[in-house]
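Here is the structure we will look at, set down as structure tokens.
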Amino acid sequence: MKPPVRVLDEEVSTDQARWHNRYWIDSEGQIRQSEQYLGADYFPVKTTLIKAAKQ
């Protein structure tokens, strides 16, 4: 079972365009996954944290 996460939607806008970035954040505040656009009309960059770093 996956640990609970919250999803944060970030709205980004310029004078010419608007898009959304999305982040999945775990209960410790660490971003586990993200989908970010580098700008309007770009393909998204998707990242996934496979294993958290050891403290």
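Values computed for the structure shown
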item	result
Mean separation of Cα contacts under 8 Å, 6 or more apart, over the residue count of the chain: relative contact order %	24 percent
Quotient of C-alpha Rg and 2.2 N^0.38 Å, computed over the chain	1.32
In the stretch 1-41, the GluC sites (Glu not before Pro) that fall in loop regions by DSSP, at most 15 other Cβ within 10 Å	E28
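Each reported figure results from applying straightforward, stated rules to the coordinates on display, with no laboratory input. Everything quoted here is computed from the prediction, not taken from an experiment. Positions of Cβ are backbone-derived with ideal geometry, glycine not excepted, and every protein chain shown enters the neighbour counts.
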